[in-house]
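Heads up: the structure comes next, in structure tokens.
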Amino acid sequence: MTPRSLRLALFVLIVFTRPVYAQTGGELHFCLHGEPKTFNPVLVDDEASENIRYLTGGVLIRLNRQSQALEPGLSRSWAISRDKRTITFHLRKGLYFSDGTPFSSEDVAYTMRLVMDPEMHSPTGDAFRSGVGSVEVRTPAPDIAVVTFPAPIAGLERLFDQVAILSARSLKKEMAVLGPFYVIQTTGNATLRGTLYHMLTASGWTSSEIGTLN
């Protein structure tokens, strides 16, 4: 995509998420100097769309951009099998997408199947293609998701920082998100307005990380 001089301003209202309800706060302002190609996190392949995904996408494991350490996101803990093919996520309970749809392991399964679907041509899925065969996703409980790949993947857990979880049930599709922000309005090609959903613990999303995008 050819970079544009057009400035895209994203105005964000802060929301402190509770198990059921949210409360609004102030606003965050920053600019993107290019128009996002897509709001679908599965199809992101440009910088502007990646910035939107980073702000709106709830991920199972968050890579801290300052320390490079892996931190809990939508998953409170995870474990990798000895053969490096299977990762088991223990999910946080009481989380909701921006439209109020409950979050569960079914959403993880739905997202991973989309990411790995050859017909989707997902750039995110390319990093997970470890060998011949399909990816198996099991959901033994609403708060447990088990993903098994056909071959070992080096640094497997780090790759999930790029996988924004989509809702399997929401009518809003990719516009229902689990991340710190969600887009609620676009005005022409110049203005995006959004609301911040603070769904992670203090060790997850930090104001200092948001500041690096200014």
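Just so you know, all these numbers are worked out from the coordinates, no wet-lab data involved. This is a predicted model, so every value here is computed, not measured. We place every Cβ from the backbone using ideal geometry, glycine too, and count neighbours over all the protein chains shown.
Quick rundown of the values:
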{"quantity": "Which of F97, M120, F39, positive extreme of dipole for the stretch 24-142 (C-beta unit charges)", "calculated": "F97"}
{"quantity": "Listed peptides 40-49, 81-90 by packing density, highest first (mean Cβ within 10 Å)", "calculated": "40-49, 81-90"}
{"quantity": "Neighbourhood net charge (14 Å Cβ-Cβ; Lys/Arg +1, Asp/Glu -1) for E174", "calculated": "+3"}
{"quantity": "3J(HN,Hα) from dihedral phi, the stretch 99-109, Karplus parametrisation 6.51/-1.76/1.60, rounded to Hz, x for glycine, proline", "calculated": "9, x, 6, x, 9, 8, 5, 4, 6, 5, 4"}
{"quantity": "Positive minus negative residues near Q162 (Lys, Arg vs Asp, Glu; Cβ under 12 Å)", "calculated": "-2"}
{"quantity": "Amide H within-cut-off set for L166, under 5 Å, with H built and near neighbours excluded", "calculated": "T111"}
